[in-house]
Structure formats: structure tokens, C-alpha cells
Amino acid sequence: MAEEAGPTRATGSLARRMILIAAVWITLLLAGGGFALDRVLSTAITRNFDDQLEYVLTALIVSAEIGPDGEVVFTREAADQRFLEPYSGLYWQVSASGRDPFPSRSLWDRRLAYGDPHRDRGIHVYDTRQFGDEPLRLVERDVVLPGAPTRWRFQVAESRDGLNAQISALRRTLVRSFALLALGLLVLAALQTVYGLRPLRRVREEIARMRAGRTNRVSTAMPIEVQPMVEELNALIAHNERQAEEARTHAGNLAHALKTPLTVIMNAATAEADDLADTVCREARTMRRQVDHHLARARAVGRRGSAHSRAEVWPSLESVERAVARLYRHIRIDASGPKDLQVHVERQDLDEMLGNLVENAAKYGGGSVFVTVARAGEFVELLVEDDGAGIPEADRVRIFDRGVRLDTGKPGTGLGLAIVRDVAEIYDGAVTLEESEDLGGLLVRLRLPAAD
């Protein structure tokens, strides 16, 4: 007895997974973008700060000249009053190797370090902490003034406190802005997830309604991304309903088929008929035929699944040829056609259909059986021909009925063609009877869906 399936294990929330992925991606993008923007803006602010210092440095150099005593003098004073205030945070100094430096009043008792001599006349910009707790941004340039061979170093320095304050304010603004943007994007992702997954919740509600018996299909309109799943679900439900209906039909047909033989046996037993044993054997054979027929059909229905069933035609045909050749050694069986064709049929069912057709051709033919395999559009056709008497056109429909036999002189159940038809129809195939133009006997055309 099959065990009842328990509840499936959940693997987590799809909505939470989507929101988490969005959160990680948004965080990475905003962090990378924020870092790049911080670098660009910080560099721009620092460049502007340096430009101002370079402007002051250039103004100092332009206004400098050599005095009578060989020292540097300025033709005009620096415009910024902070150069006159001690420790104001803005300083300049002119110095040369081996000479006393000439500082601004704002340096008061401090001096800017001379450092190593430069081998060019370009402007050099760097940070320095030579004044302890007051970090400086310093620009300097070595210049040879007209009228003197001495290389003078002009230096302008300004406290970085203002620059650092601007950068800190910028970063606080960036952090707040990007945090607010991240929050907004996360809320948007959450809303999109909740709204986007809403159709799945509607599908769940529809399935719950089906379980409660209030409907038998998912009829609510769905988005185009969900609609294919709904269509497949409805198709699966319809497929299960057809299988249930087929099962009920098979049970009813089998019960009806067995009722008459059982009634005959009961009447013979009640009347204590002399031929009771013969009657029981005859009716038992009839019941066995019916049971075999319905079992074959039930097996085919249970294995049906065109999306997964797949069988190679040629190996199945060769297997059937060998089996029939052992039963009918005087029969010649020939086959032709491509050897790589496959059909959407279970191998066992294909063997049963081919076995019935080839055996019938060998049993009722005149000694020759020819099987042709060919591709016909989306189907594979198997033509089984014999050189027997054939079947009159008027009987070609009736012969498919269960138990019908036109030649009662040979053993058989009369269910072979009926089984072939029923199994072929289960796989959306078909079987028809025609007259063989080559051999003159019966031609059975079996069409089965091709598997590419």
C-alpha cells in the first residue's frame, strides 16, 4: 500500500529572498557609487583649495624683487589680512639655502621647514604636520629672481582644518543622501516584490477553492508570466480528471464484461448442468481475455506522458520480429525504413502494439510480412502488410471491437486490434486498416507521435 505523501518542506520565503538580493545589490551599487563620488568631489574641493594657495604663491613671486642688500623685498603687501595675524592658519615664507628665512607675521615665532632642494621650477604641493596639532597644506616653488644668482624658495601654507571641514560636510551629506536613497530603493523593491508575487498568492487561493470543491479550474485572469503556469495547472487537472474518468469507465466496462460470463457460470452451477466443467473453462477464458485487455489499457494509461515517454522504433521492431519468427518459422518477415526514429511511447507499449500487429499478419497472412517505418510530419508511421486474404472494407471498423474475430478457425482472443487501437489513442496516435497494394493482403497503418 502506497504511503500518503506528507507535506513538502519549504525552502524559505521567495519574497524575502528577492528583497535580500535587491538589498545586497543596492548596497553594493550605492557603496561603490558613493565611494567614487566621494573621491571625485573630495579631489575637486582639494584642487580648488590648492588653486587658491597657488594663486597666492604666484602673487608673492610676481611682487618679489632683490633689494640693495641682496634680500627679497615685496613691491606690495599680500591682500589677505590673515598673513598679519599670528597663528592665523595662513602663512608664507621666503627662504634660501644658507640664508635666514623671511616669514610672514602670521608665522610669528615659527618657521616653515626648507626641506630638500628641488631640481625644477615647478610648483610642489603636499601635506605636512610640522606644526604639531595644526595640519598644513603647503605649496612651494623655487625661483631665481632677476639680478641675483640665489635660488629662493617661496612657500605658502594654510591649515587643513577648513579643507577637512568641507570634506567632512560633503561626506556627511553623501552618507545621508545615499542612505535615504538606499531606503527608498529597498522600499521600492519590497513593494515590487509584494505586488509582483500577488498573482502567485491568487493562484494559491484558487487552488484552495478547488480543494474546497467550489471550482474545478483556475479561472482568474493572470499576468502573462504566470498564465502559462496556470494553463499547465489546468491542463494537469484536466488530465487527472480524464484519467479518473477513464478509470471509472474501465472499471465499469470490466464489470459489465465479467457479469455475463459469471451469470452463465452461476446458472450452469445452479442447474447442475452436465457440461459445467466445459462451461466454466469457456467462460473463464472469456473473462481472462477481458481482464488482459483492460490490464493492458490500464498499464498504458498509467505510463502515459508524452513529454517523457520515448522509445526507439527499430530495436522494438527487431525484438518483435525475433519473437514472432520463433512462433511462425515458415513466415518471412522483412522491414525497411530509417533506423533512428523514436516515438513518444513507452517501450513496453510499443512492443505490445507491434507484437499484436506483426503476429496477426503472420497468423492470418500467406507467408510474407513486410513492415515499413517512415516519418510523416509530426508522426512516425508503421505499415504492417501481409499477403493474406485481407479484411473486407465493411468489416474494417467492426474488427476493432473487443472479441470480434473474422477467422474463428485459428486460435486467438479477438482483442489484438482492440488493444492496439486503445493504446495508440492513449498516446494521441491512431490505427487504420487498408488494402496492401504490393502484397494484396491487409495493410495496418499505425501512427504514433514522433520524438525528435
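Points worth noting:
- Surrounding net charge for Glu54, when Lys and Arg each add one and Asp and Glu each subtract one, Cβ distance under 12 Å: -1
- Estimated distance in nm for a label pair at Ala374 and Asp275, the labels positioned 7 Å out from Cα along Cα-to-Cβ: 4.9
- Residue by residue, region 49-54 carries 3J(HN,Hα) couplings of 4, 5, 4, 5, 5, 5 Hz when phi is fed to the Karplus relation 6.51 cos²θ - 1.76 cosθ + 1.60 (θ = phi - 60°); x denotes Gly or Pro.
- R0 of 25 Å, Cβ-Cβ distance Ala325-Glu435: FRET efficiency to nearest 0.05: 0.50
- The residue list His118, Leu90, Met18 was ranked by how far each Cα lies along the charge dipole of region 13-196 toward its positive end, using unit charges on Cβ atoms, and Met18 comes out on top.
- Ranking of Ser104, Ser219 by count of other Cβ atoms within 10 Å, fewest first: Ser219, Ser104
- Distances between placed amide hydrogens fall under 5 Å for Phe379 paired with Ala450, all partners being 5 or more residues away or on another chain.
- Per the Kirkwood formula applied to alpha carbons, region 186-291 shows a radius of gyration over Rh ratio, Rg over Rh, of 1.46.
- Label sites at Asp120 and Arg202, each approximated as a point 7 angstrom past Cα along Cα to Cβ, lie 6.9 nm apart.
- For the chain: span of alpha carbons on each principal axis (Å, largest first): 157, 53, 34
- Working from label points 7 Å from Cα in the Cα-to-Cβ sense, the Glu85 to Leu14 distance is 6.7 nm.
- Along region 151-159 the Karplus relation, 6.51 cos²θ - 1.76 cosθ + 1.60 evaluated at θ = phi - 60°, assigns HN-Hα couplings of 8, 9, 10, 9, 10, 10, 10, 9, 4 Hz to successive residues, with x for each Gly and Pro.
- Projecting the Cα atoms of Phe154, Ala247, Leu197 onto the dipole axis of region 151-272, where Lys and Arg carry +1 and Asp and Glu carry -1 at the beta carbon, places Phe154 farthest toward the positive end.
- Peptides 224-232, 309-317 ordered by average Cβ neighbours within 10 Å, highest first: 309-317, 224-232
No lab work stands behind these numbers, since they all come straight from the coordinates. Nothing here was measured: the structure is a model prediction, and the numbers come from that model. Glycine gets a Cβ as well: all are built from the backbone with ideal geometry, and neighbour counts include every protein chain shown.
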